[in-house]
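J.: Just dropping this structure here.
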Amino acid sequence: MRLCSLCPVRELTIPTSELIKWDRPELTRERISRIQRSFTCLQPDIELFVQVLYARLFAEYPHIRRLFRGDQMEQEKQLAVMLTTMIKGLDRLDELKPTLWALGRRHIKYGVREADYNAFFEALMWALGVFLGDQFSRPTKNAWVSFYAFISQIMQNQLDWHSPAGLHDFDVA
């Protein structure tokens, strides 16, 4: 993780052994299957899951609340839909990339900083642990780490965190 002196954020409380391996997210077929199976368990309570995730995010990282200017319930619905879309699409990873690049560009425009991805990761992993309980085994947790590393790496691909637009020029073909 690159830390920047221009971006004051709270340090993560995740132990070093739990940090995302940003450089090589290994999203194998087995991990995709684990993610999809565990997400199926979340589906009946997806709205509550997202509410709890955001509650944890805002409690641990209050500065992130400023990024949410619209209707929080609408944001929660959008996250539930986006998670569902991404997880169902994991069998077609290349098809997800343009959507994730566009999502990353929008997040920069909203004011999301590089370290905010790690804060969200921490809240996501905590919420998954709460909702999945014993089903959140070490292999399932590792699968979710790979999933988040994969999507966040693509969302942040080629972003320049200090340019006015927040982006390098690149083609999303």
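J.: Under 8 Å between Cβ atoms, at least 6 apart or on separate chains: pull out the pairs that start in segment 107-129 with a residue that is more than 15 Å from Gln153 (Cβ to Cβ) and end on any residue that is in a helix (DSSP H, G or I) and basic (Lys, Arg).
T.: From residues that are more than 15 Å from Gln153 (Cβ to Cβ), the pairs are Gly111/Arg66; Ala123/Arg56; Met125/Lys141; Trp126/Arg56; Ala127/Arg56; Leu128/Lys141; Gly129/Lys141.
J.: On the given criteria, is Thr85 assigned to a helix (DSSP H, G or I), at pLDDT 95 or above and exposed (fewer than 12 other Cβ atoms within 10 Å of the Cβ)? It would help to see each step written out before you state the result.
T.: Numbers: assigned to a helix (DSSP H, G or I): yes; at pLDDT 95 or above: no; exposed (fewer than 12 other Cβ atoms within 10 Å of the Cβ): yes.
No, not satisfied.
J.: I'd like the residue in segment 109-119 that is touching a Leu at 6+ places or on another chain (Cβ under 6 Å) and not in a loop (DSSP other than H, G, I, E, B) and, out of all such residues, is surrounded by the fewest Cβ atoms within 10 Å (Cβ to Cβ).
T.: Out of the qualifying residues, it is Tyr110.
J.: Tally time: how many residues in segment 135-173 are over 19 Å from Arg31 (Cβ atoms), modelled with pLDDT of 50 or more and more than 19 Å from the chain's Cα centre (by Cα)?
T.: Total meeting the criteria: 0.
J.: Next up: Identify all residues within segment 65-82 that are acidic (Asp, Glu) and surrounded by 15 or more Cβ atoms within 10 Å (Cβ to Cβ); write none if there are none.
T.: Glu76
The values are calculated or read from the model by the stated rules, or taken from the named source; none is laboratory data. Note that the structure is a prediction, hence the values are computed from the model and not measured. Using ideal geometry, Cβ is built from the backbone for each residue, glycine included, and neighbour counts are taken over all protein chains shown.
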